[in-house]
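**Student:** What follows is a structure written as C-alpha cells; I'll ask about it next.
The values are calculated or read from the model by the stated rules, or taken from the named source; none is laboratory data. Just so you know, these numbers come straight off a predicted model, no measurement behind them. Neighbour counts are summed over all protein chains in view; Cβ atoms, including those assigned to glycine, are modelled from backbone coordinates with ideal geometry.
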Amino acid sequence: MTARPPTKELPEPMLRRELLAVGFDDRAIARQVKHGQWIRIRHGAYVDRAAYSALQQDAKHAVRARAVLKAAKVDAVLSHASALWEYDAPTWGVDLTDVHLTRLDKEAGRPEAGVRQHCGTVLPGDVEVRNDVPVTSATRLALDMITVVDVEVALVIVNHLLHENLTSMALLNDRALGMAHWPNSLRAHVVLRLADGRCESIGESRTLFLLWKQGLPAPQPQYKVRDRTGRVIARVDFAWPEYGVFLEFDGRVKYLRDADAEDEDDVVTKVLREKRREERVRELTGWTCIRITWADLEHPRRTAQRIRALLFPATDAA
C-alpha cells in the first residue's frame with residue numbers, strides 16, 4: 001500500500017480566479033488541461049495532473065476538499081469525512097464521494113454538486129486550524145462521524161484520535177451530553193463505551209469491535225508482559241490474563257504483499273523476530289496465542305468461534 005504523502009506536500013489546488021489574476025486566460029487554462037499539465041478536479045479548480053494522479057483516493061479527496069473550501073463564498077470549515085485527512089485519521093469504511101463543509105453562519109445553503117453543507121451549531125473550541133486549513137476540532141470531528149457512519153467505522157476513527165492524544169474521553173463524554181437532538185446520537189453511547197485509545201491501528205480497533213459484537217469477554221489492549229524481574233519484555237495486542245490467552249492482530253500481510261515496501265531479507269528478519277517474541281511470551285506466561293488477520297475480520301462469527309474455543313475449552317468440548 002502506498003504511504004500517505006505528508007499533508008503539506010499535497011498539490012495545491014488552483015482556482016480559475018487565481019489563475020486569471022496572474023495572467024492566464026480561459027484559453028491558456030484549457031491548453032494546460034488539454035496538454036495534460038493540469039487536471040480539473042471540480043468546476044473552476046485545477047491541480048497538477050501528475051501529482052494528483054499519483055495520490056490515493058483519500059488524498060485526492062483532501063485536495064478536492066481544500067479546493068471547495070478555498071472557493072467557498074461563506075465562512076465555513078472542513079468537517080466530517082473531509083476533515084479526517086488533516087488529522088491523519090483513517091478513512092477505512094468512509095464514503096469519500098462528497099466534500100463536507102460545516103458553515104459557521106448556521107445557514108443551510110444551496111445544494112451544490114459534490115458538496116454537503118452542514119449547519120449545526122458550532123461552539124467555542126469546535127474549530128481548529130490544521131496544516132493551514134480550518135477544520136472542526138478533533139472532538140467535534142469524532143462526534144460528527146459517529147452520527148454518519150456505523151459503529152465499527154466510528155470506533156476506528158475515535159480510537160485513532162484518542163491514541164494520538166487529539167482528544168480525550170473526558171472531552172468526548174462532556175461534548176456528547178449536548179448531542180441529544182443530533183441525528184443518530186444514540187450511537188454515541190455505544191461507540192464511547194467501546195472506545196479505547198490503546199488500540200494502535202485499524203486492525204486492532206476492528207478486532208475490538210468484533211470481540212464486542214460477538215459477545216466475547218473484553219480483553220486488555222496493549223498488555224505488557226514482564227519477566228521475573230518485572231522488566232517489560234513485550235506488549236501483546238490483546239490479552240485475557242484470567243483465561244491464559246493473548247491475541248495478536250497480524251497486519252504483516254500488508255507489507256508481505258507489498259513488493260516495494262521493504263527488502264525481502266528485512267521482511268524475513270521481521271517475521272523471525274516476531275516469532276521469537278511470541279515464543280518468549282508463551283514461555284513466560286504459559287498462555288496460548290491466537291493470531292487473526294485482515295481476512296479473519298471479514299468472517300466475524302467463524303473468527304469468534306476460534307477465540308471462544310480457546311477462552312472456554314471445557315465449554316466448547318461439552
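**Student:** Just checking, does the stretch 183-197 include any residue being surrounded by fewer than 17 Cβ atoms within 10 Å (Cβ to Cβ) and at pLDDT 95 or above?
**Tutor:** yes
**Student:** Still on this structure, I have one more. With the requirement that a residue be surrounded by 12 or more Cβ atoms within 10 Å (Cβ to Cβ) and in contact (Cβ under 8 Å) with a residue 12 or more places away in the chain, what does the stretch 112-122 give you? Write out each step before concluding.
**Tutor:** Within the stretch 112-122, the first condition is being surrounded by 12 or more Cβ atoms within 10 Å (Cβ to Cβ), and the residues that meet it are 112, 114-120, 122.
Of everything in the stretch 112-122, those that are surrounded by 12 or more Cβ atoms within 10 Å (Cβ to Cβ) and in contact (Cβ under 8 Å) with a residue 12 or more places away in the chain turn out to be G114, V115, R116, Q117, H118, C119, G120, V122.
**Student:** Out of the residues in the stretch 270-287 meeting the condition of being free of Cβ contacts under 8 Å to residues at least 60 places away in the same chain and either of a type in the set (G, A, S) or surrounded by 15 or more Cβ atoms within 10 Å (Cβ to Cβ) (or both), tell me which one is nearest to G244 (Cα to Cα).
**Tutor:** W287
**Student:** Moving to a separate point now. Specify the residue that is surrounded by the fewest Cβ atoms within 10 Å (Cβ to Cβ); the eligible residues are those in the stretch 66-93 that are under 17 Å from the mean Cα position of the chain (by Cα) and of a type in the set (A, V, I, L, M).
**Tutor:** A89
**Student:** OK, next. Could you check S205 against (1) at pLDDT 95 or above; (2) crowded, with 19+ Cβ neighbours inside 10 Å; (3) more than 21 Å from Q222 (Cα to Cα) and say which number it fails?
**Tutor:** (3)
**Student:** Hey, another quick one. K73 passes all but one of (1) in a loop (DSSP other than H, G, I, E, B); (2) of a type in the set (K, R); (3) in contact with a Leu (Cβ under 8 Å, 6 or more places away or on another chain); which number fails?
**Tutor:** With (1) in a loop (DSSP other than H, G, I, E, B); (2) of a type in the set (K, R); (3) in contact with a Leu (Cβ under 8 Å, 6 or more places away or on another chain) applied to K73, the lone miss is (3).
**Student:** Which residues, counting only those in the stretch 193-241, are under 23 Å from V94 (Cβ atoms) and among the basic types (K, R)?
**Tutor:** Correct list: R193, R198, R206, K213.
**Student:** Do you know which of the residues in the stretch 151-182 that are of a type in the set (D, E) and touching a helix residue (DSSP H, G or I) at 6+ places or on another chain (Cβ under 8 Å) is surrounded by the most Cβ atoms within 10 Å (Cβ to Cβ)? Talk me through it step by step, then tell me what you get.
**Tutor:** Step one: filter the stretch 151-182 for residues of a type in the set (D, E), giving 152, 164, 174.
Within this subset, residues satisfying the condition of being touching a helix residue (DSSP H, G or I) at 6+ places or on another chain (Cβ under 8 Å) are 152, 164.
On the way: E152: 20, E164: 13.
Of everything passing the filter in the stretch 151-182, E152 is surrounded by the most Cβ atoms within 10 Å (Cβ to Cβ).
**Student:** Are any of the residues in the stretch 255-263 modelled with pLDDT of 95 or more and either of a type outside the set (G, A, S) or touching a strand residue (DSSP E or B) at 6+ places or on another chain (Cβ under 9 Å) (or both)?
**Tutor:** The initial filter retains those residues of the stretch 255-263 that are modelled with pLDDT of 95 or more, namely none.
No, the stretch 255-263 contains no residue that is modelled with pLDDT of 95 or more and either of a type outside the set (G, A, S) or touching a strand residue (DSSP E or B) at 6+ places or on another chain (Cβ under 9 Å) (or both).
**Student:** Restricting to the stretch 216-255, and then to whatever is part of a helix (DSSP H, G or I) and farther than 22 Å from K270 by Cα, can you tell me which residue is nearest to the chain's Cα centre (by Cα)? Show your work before the answer.
**Tutor:** Taking the stretch 216-255 as the starting set, the residues that turn out to be part of a helix (DSSP H, G or I) are 241-243, 252-255.
Subset that is farther than 22 Å from K270 by Cα: 241-243.
On the way: P241: 29, E242: 31, Y243: 31 Å.
Once the filter is applied, the top-ranked residue is P241.
**Student:** Go through the stretch 191-215 and report how many residues are in a helix (DSSP H, G or I) and over 22 Å from R308 (Cβ atoms).
**Tutor:** The qualifying residues number 3.
Each row is one residue, and each column tells you yes or no for (1) outside any helix (DSSP H, G or I); (2) more than 14 Å from the chain's Cα centre (by Cα); (3) closer than 13 Å to L192 by Cα.
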position: G125; (1), (2), (3): yes, yes, no
position: E128; (1), (2), (3): yes, yes, no
position: V135; (1), (2), (3): yes, yes, no
position: R140; (1), (2), (3): no, yes, no
position: M145; (1), (2), (3): no, no, yes
